[in-house]
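Take a look at the structure set out below.
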Amino acid sequence: MTKEIDLRDAWLSKAYAVTKYLPELYNEQGIYTSNEWTSFSDIGNEVNRHGEILTLQEYLQVETAYIEAVKIFMRSLGKESIVLFDVLKHSAKKLFKPHHIDLYTLYKQIENKGCYSIEEVDSIVKLALRELAQLSILIDKDTNCCVHFGFDYYMYFVSDGIDVTEMAEEIEGLGIFMMVRRKIFSIKS
């Protein structure tokens, strides 16, 4: 019996995770061994065994790094716009208050195959990271350069045409990391 592969998930085999999680806290099996925040909804809650509370400021600092990483990917390709795909809207307007209300207008407008400028990237990435919409970003069709968003605050870069590890140093400068198949790309040894 042949196992069927869902082509919608074929990108996973060539994805590079972009993540806030510290490389040294993964075990040999690639499992992250520390309790940390994984969602916007964790703001104001205890997020680790030390009793630390996630603040809005701390969250926004990490979110900004993820947004900048997407822009680094776009700049590496000389792109000023993106196309969305696999868009799934599942948030009611009441979920956009108070921290998300500025995103609601764009949320109502986003659609599959919709083209958006680099100026809109910040808000689009926020919609995905804050779990207000599920979506993927196509940066370059010719090289299949995409950004996917996963669970637990993972973001994935995929490319058939460029070596995305060349961005690792610049991304690490943001305080986040790139990894593939449980191998962390860390510039600092």
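What follows draws every value from the coordinates through simple rules; no lab data is involved. These numbers come from a predicted model, not from an experiment. Reconstructed Cβ throughout: ideal geometry from the backbone, glycine too, with neighbour counts over all protein chains shown.
Model label points for V83 and N48, set 7 angstrom from Cα along the Cα-to-Cβ axis, are 4.2 nm apart. Listing D86, D102 from fewest to most neighbouring C-beta atoms within 10 Å gives D102, D86. Put simply, the amide H of C145, placed in the peptide plane, has neighbours under 5 Å in I139, D140, D160, leaving out anything fewer than 5 places away on its chain. Dimensions of the range 7-185 based on its C-alpha atoms, expressed as ranges along the principal axes with the largest first, amount to 46, 41, 30 Å. Counting Lys and Arg as +1 and Asp and Glu as -1 over every other residue whose Cβ lies under 13 Å from the Cβ of M155, the net charge comes to 0. Ordered by the number of other Cβ atoms lying within 10 Å of each residue's own Cβ, fewest first, K97, K79, K20 fall into the sequence K97, K79, K20.
If you take all other residues with their beta carbon under 11 Å from the beta carbon of K71, and give Lys and Arg +1 and Asp and Glu -1, the sum is -3.
Each Lys and Arg Cβ is given +1 and each Asp and Glu Cβ -1; about its Cα centre, the chain then shows a dipole of about 500 debye.
Put in line by how crowded their Cβ is, counting other Cβ atoms within 10 Å and starting with the fewest, E166, E172, E28 read E28, E166, E172.
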